[in-house]
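Down below is the structure, laid out as structure tokens.
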Amino acid sequence: MGIGIGIGIDVLEIERFARVLERRPGLAGRLFLPAELEYAARRARPAQHLAARFCAKEAVVKALRPAEWDWHDVEVLPQARVRLSGPLAAHGSVAVSLTHGDTVAAAVALAG
């Protein structure tokens, strides 16, 4: 019998992610909402912040294990908060923790 708690984690090499975004210009718009892109653009190293947000979205989906979802169903807000929409909205609340260094970004999500 399950306890109703989901945990997700994701880790990503920042430069590798930056290269993918450069090679595929439309990808950022499919992965991130305009507010997420604007937030990252205001930072000295936008790829660092986008990589952390990508990890947070992946971690949330791993924690919730939804049957269907879209990248825009998880919006990563400032102060490591998330807003769920679409099919994910019915899953309740999710807590996330994001981090990044010079080379790696990571996030953990806890759904309960």
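The values are calculated or read from the model by the stated rules, or taken from the named source; none is laboratory data. Remember, predicted model here, so these are calculated numbers, not experimental data. Note: ideal-geometry Cβ built from the backbone for every residue, glycine included; neighbour counts use all protein chains shown. Side chains are part of the model used for accessible areas, which takes the heavy atoms of the whole protein and leaves out ligands, DNA and RNA. Shrake-Rupley method; radii C 1.70, N 1.55, O 1.52, S 1.80 Å.
Taking amide H as placed 1.01 Å from N in the peptide plane, the amide H of Val104 sits under 5 Å from that of Ile14, each at least 5 places away or on another chain.
Calculated accessible area for the chain comes out at 57 Å² per residue, all protein chains present (probe 1.4 Å; ligands, DNA, RNA ignored). Each residue of region 37-50 was assigned a 3J(HN,Hα) from its phi angle through the Karplus expression (A = 6.51, B = -1.76, C = 1.60, θ = phi - 60°), giving 5, 5, 4, 5, 4, 7, 9, 5, 10, x, 4, 4, 6, 5 Hz with x at Gly and Pro. The calculated FRET efficiency for the pair Arg23 and Ala80, based on their C-beta separation and a Förster distance of 25 Å, comes to about 0.30. Between the residues Leu84, Leu27, Gly6, the greatest Cα displacement towards the positive end of the dipole of region 1-101, with unit charges on the Cβ of Lys, Arg, Asp and Glu, is found for Leu27. Working note: Karplus 6.51/-1.76/1.60 with θ = phi - 60° gives region 21-29 the couplings 5, 5, 6, 10, x, x, 5, 4, x Hz, where Gly and Pro are set to x. Considering only alpha-carbon pairs that sit under 8 angstrom and 6 or more positions apart, the relative contact order computed for the chain is 39 percent. Close amide H pairs (under 5 Å, H built 1.01 Å from N) link Leu77 with Val82, Arg83, residues at least 5 positions away or on another chain.
Between the C-alpha center of region 16-74 and that of region 84-112 there is a gap of 11 Å. The trypsin sites (Lys or Arg not before Pro) of region 30-112 that DSSP puts in a loop, and whose beta carbon has at most 12 other beta carbons within 10 Å, are Arg42, Arg43.
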